[in-house]
Every structure is written in C-alpha cells, then in structure tokens.
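Written out below as structure tokens is the structure these notes cover.
The values are calculated or read from the model by the stated rules, or taken from the named source; none is laboratory data. None of the values given here were measured: they were computed from a predicted structure. Here Cβ is always computed from backbone atoms with ideal geometry, including for glycine, and neighbour counts include all displayed protein chains.
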Amino acid sequence: MKPFQLGLILILAFIFSFSVIISAESVQPFEVEATSAFLLDFESGQVLYSHNGQSPHVPASLVKIMTMYVALDQVAAGRIALTDTTTVSERAWRMTGSKMFLEPNEAVSIEQLLTGIAVVSGNDACVALAEALAGSEAVYVQWMNEKAQSLGLNLHFVDVHGLSEENSITAEAIAYLVRSYLRDYPEAIKYHQQESFSYQPRSSKQPIVQMNRNGLLRTFEGADGLKTGHLQVAGYNLVGTAVQNNRRLISVVLGGTSEASRERETAKLLNYGYRSFDLVNISRLLEDKTTKVYKGKQRTVGMYINEPAISVPKGVQKSVSVAIQTKNLEAPVQKGTQVGVLSIFLGEELAKQVPLLATEEVPRGGLWRVMWDSLTLFFQDLIKKR
C-alpha cells in the first residue's frame, strides 16, 4: 500500500448543538474539590473534563482494577476457571487493611476472590488471587505492568492491593484502563455493582456481611461501579461509572478530602457529562462511501469505523465536519484492513481521528487488470514528481 493521498477526498458536514469545544485545554466549567479529576465518554473515548488529568498520583486500592483485569485475562485464556478453587496462604491471611476475612488453608473459589476484591476491597483476596494465578505476587505484579505497557497507559504497580505509596497512576490513565477493562469484560460490572458481599470464613458460625464502599451505588441514578481507594498520602480516590439513557460515562476523582467529598465530586462530574453532552452516531455518513482499489477483482471497497460515536456538547449551533483521507490501495485487500483515516472536527478543532477499515475482502484481479492498473499508477507517480 502507498502513503495517504495528500488531499482530503471528502468533506461532509451536519449541524448539531454544542456550547464548547471538547478539549482538556478548554476553560473548565467548574472546579472539582480534588487533586485530579477526569471524565471520559465510554463509547466515543472522548475527554469531557480534565483537571490535572496527567499528574502522577498514588492510587491506593484503585490498583485492584488492574488486579481484576489481569485475572479475567487469565480466565479468558483458559488458564483458570472462575469455579476453580485455591488454598489460602498464611501470607494472604496476614494482610492488613480491608479484608475479605480469609483464613489460612481454607479453599476459596476464584470468583469469590474477584467478588471480595470488587465489593469489599479485600487485600487478602488480592494476594490469594495473585498466588493462585501466578504463583507469587511478584510475578503477578509483572503481569500488571506488562498489561499497562501493552495498553500504552501511564501506570506503575509494585503490589496487587495498593498499600504501597510507590504505586503510581494518573486520572487519565486509570479512566482509559477502565474503558479497556469494561470493553474487554463487560460482565465484570456484575462484581462492582453489588452493594454488599457475604463471606463465611471456615471458623465463623455465620457469614460476615460487608457493604460496598462506593456509596454512589445507592445514591446516583444508573451508577454500577467501580472502585474506591484511600491512603493518607493519596487522600480519597474514586473511579465512578454509570449508565443513563444507554450511555456510560467514566469519572475519576483522586485526592478527595473525604468519602463524602469524593462521592459528591464524582456525582458532579457525571451530572455534567449527562446534562452537557449528547452522543451522536456518525456511521450513517459512511453509507455508500467507497474508496478505489487498484489491481483488484473489483474497483472499489466500502469503509467503516469501529467507533462511530462522538460526544457533542449541547447548546449553541455549530457544524460538525467529517473528513475522509484514503490510501492508494492495491489488491489483495483483507477485510478490516485500514484504508484511510476519518477526521472529525468540532468547529475548526480536531476532536477525534479513527481508522477507516475495509468492509470486505478484495482479491487480486486478473492479468490484464493488474497490468493496466500498474501502468495507471506509474503515470500517476510520474505526474506527481513533475
């Protein structure tokens, strides 16, 4: 395939209402009482609000989001099943802080551990899970950092539970981590949305019932996750997510001053997102749009995008323009091959760029088609060089 053509071959425009350009650099519409704050649209992946979004911060128990993500990777790969059991080690039992109240040498299932991590933030459950899947916490932490690197996120972990002050995240990175986590494992939300968790240790005569520390599950419409965290050095952290009108938003508050404060500021962010922005599907703009294919059995191929949604602010009338830039394609072309780039503009500002992908396979054409198109491309190149 040859480089992108220099010109934009198609400009489409349509009118929507919005009041501000979506940008982390925009003037913030309000202040959040926290060290960092971030709001992300789950479908479009667009940033709706950022305050110190790229500043390093101690995550505390927000580390456990990655702990669960890596565990579900192992389940998806078939290396372990949710129904499999593991024997609790003395090291896991001795963990301090929030606990699931595991006891040494008792058997517990992987799914029980995941639930204990998500709902009651069990540090003992984190260690037991790491030892069951990786043999040791050190190896599991390595997996966590490798996962962060593969996702291109600014995250660094030294433990699986978040007790260390050496763990490091940013509000932006943790928001995109949650987006990836829920896109890969939407079923994981069933753990995070539980308001309470009951576990009966072997020596106990009755179950121990603990409440989920995320109070928004009980107070905010549509809230179904995701994770709280607190250390003295970190303050009060909360990753919140909710669904209203079939639209999910992800909020991050780091360094809040209290549990009540982090919930209040999270609700402020989520309400802002739902009240100030609409989600628009732009896939219809690509209907019947094709790009030329050289040396193929057919002359053109259709195009689609994996993420056809864009967040558009409400309010003042502005135009949203969509520019399509394509490649010189030569067959064979595989379905899903990138054939160009779709650029979406809000006013004059670039809001989002996404790959344009081929809707179908285009096999190599016959001898005469290949010869004719080779000659055509030769003269096109010759003209460009003049």
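Determine whether segment 276-295 contains at least one residue that is modelled with pLDDT under 85, buried (at least 18 other Cβ atoms within 10 Å of the Cβ) and either in a loop (DSSP other than H, G, I, E, B) or not aliphatic (A, V, I, L, M) (or both). Yes, segment 276-295 has at least one match.
Cβ separations smaller than 7 Å between residues 6+ apart or across chains give the following pairs from segment 303-315 residues that are in contact (Cβ under 8 Å) with a residue 24 or more places away in the chain and under 13 Å from S343 (Cβ atoms) to residues that are of a type in the set (A, V, I, L, M) and in a loop (DSSP other than H, G, I, E, B): I310/I282.
Can you find even one residue in segment 220-243 that is modelled with pLDDT of 95 or more, of a type in the set (A, V, I, L, M, F, W, C) and not assigned by TED's automatic domain parsing to the domain that holds E43? No - not one qualifying residue is present in segment 220-243. Among the residues of segment 94-134, the one identified as crowded, with 24+ Cβ neighbours inside 10 Å and at positive phi is S121. In the set S251, S261, only one residue is of a type in the set (S, T, N, Q), in contact with a Phe, Trp or Tyr (Cβ under 8 Å, 6 or more places away or on another chain) and either at pLDDT below 95 or part of a helix (DSSP H, G or I) (or both); that residue is S261. Total residues in segment 137-162 satisfying the condition of being in a loop (DSSP other than H, G, I, E, B) and crowded, with 19+ Cβ neighbours inside 10 Å: the figure is 7.
Residues that are surrounded by 14 or more Cβ atoms within 10 Å (Cβ to Cβ) and either at pLDDT below 95 or in a strand (DSSP E or B) (or both): does segment 174-185 have at least one? Taking every residue of segment 174-185 in turn, none turns out to be surrounded by 14 or more Cβ atoms within 10 Å (Cβ to Cβ) and either at pLDDT below 95 or in a strand (DSSP E or B) (or both).
Considering segment 211-235, the residues that are in a loop (DSSP other than H, G, I, E, B) and free of Cβ contacts under 8 Å to residues at least 60 places away in the same chain include one that is surrounded by the most Cβ atoms within 10 Å (Cβ to Cβ), namely N214.
Would you tally the residues in segment 190-201 being assigned to a loop (DSSP other than H, G, I, E, B), surrounded by 12 or more Cβ atoms within 10 Å (Cβ to Cβ) and in contact with a strand residue (DSSP E or B) (Cβ under 9 Å, 6 or more places away or on another chain)? Number satisfying all stated conditions: 3. Elements of the type strands (runs of 3 or more DSSP E) sitting completely within segment 47-133 and holding at least 1 residues that are among the aromatic types (F, W, Y) and within 26 Å of V253 (Cα to Cα): these cover 47-51.
No other residue among K147, K205, K190 is of a type in the set (D, E, K, R) and either modelled with pLDDT under 95 or at positive phi (or both) apart from K205.
Are any residues in segment 335-349 assigned to a loop (DSSP other than H, G, I, E, B), modelled with pLDDT of 85 or more and in contact with a Lys or Arg (Cβ under 8 Å, 6 or more places away or on another chain), and if so, which ones? Passing the criteria: none in range.
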